[in-house]
Ligand code: GRF
């Protein structure tokens, strides 16, 4: 299974996926990493590990024009599954359809609760006692595609956005690789 990864930031979920590949628990390969932020750490990590990486700067471009540039690059890449790992763009329907392969995303809440930005802050403000993370299919609705798997994380009295985010992130790193392997094994059907 060849993974095409999109990310805009530090890329810790991508690193976790790459480590699962290296230790043999995830039977996949990374086709390439694409970022809309040229200086993103996710690209630096890919470079250091000889993974094909492409920076397609979003600066100064309308969404449609940026997506067209991304598609030009994507067309040179062979892949089976798209992995969004902290990709801070809302994908247009046209772009989703032109990728032609399933697209996965990881979100730091138990969807359908707390969609969009600052999910951990939303959870704290709502006073929930359990939050977590979700891997879901991407469709045209923000954080609205089919839920593939979730992990719960307890919210403690002393939690801040940082402490809660950190504990959820630990679970994200385990969950994302597991879901991809479950797809490969046919345990999760897309
Ligand atoms: C993660 O919290 C993920 O759930 C959300 O964006 C963050 C990305 O972090 N979609 P990283 O770039 O993978 O470290």
Within segment 12-52, how many residues are in contact (Cβ under 8 Å) with a residue 60 or more places away in the chain, in contact with a strand residue (DSSP E or B) (Cβ under 7 Å, 6 or more places away or on another chain) and part of a loop (DSSP other than H, G, I, E, B)? 1
Does at least one position in segment 38-59 carry a residue that is over 21 Å from residue 105 (Cβ atoms), surrounded by fewer than 17 Cβ atoms within 10 Å (Cβ to Cβ) and either touching a helix residue (DSSP H, G or I) at 6+ places or on another chain (Cβ under 7 Å) or modelled with pLDDT under 95 (or both)? yes
Would you please name the residue that is nearest to residue 10 (Cα to Cα), looking only at residues in segment 90-110 that are in a loop (DSSP other than H, G, I, E, B) and more than 11 Å from the ligand (Cβ to nearest atom)? 90
The listed residue being surrounded by fewer than 19 Cβ atoms within 10 Å (Cβ to Cβ) and either touching a residue at least 40 places away in the same chain (Cβ under 8 Å) or in contact with a helix residue (DSSP H, G or I) (Cβ under 6 Å, 6 or more places away or on another chain) (or both), out of 98, 113, 131: 98
Based on what the data block shows, is residue 182 surrounded by 14 or more Cβ atoms within 10 Å (Cβ to Cβ) and in a loop (DSSP other than H, G, I, E, B)? no
Restricting to segment 119-128, and then to whatever is touching a residue at least 24 places away in the same chain (Cβ under 8 Å) and closer than 11 Å to residue 164 by Cα, can you tell me which residue is farthest from the ligand (Cβ to nearest atom)? 124
Filter result for the condition that a residue is within 25 Å of residue 38 (Cα to Cα), part of a loop (DSSP other than H, G, I, E, B) and at pLDDT 95 or above, over 79, 158: 79
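The values are calculated or read from the model by the stated rules, or taken from the named source; none is laboratory data. In this text, all values refer to a predicted model and were calculated from it rather than measured experimentally. Methodologically, a virtual Cβ is constructed for each residue, glycine included, from the backbone with ideal geometry; neighbour enumeration extends over all protein chains shown.
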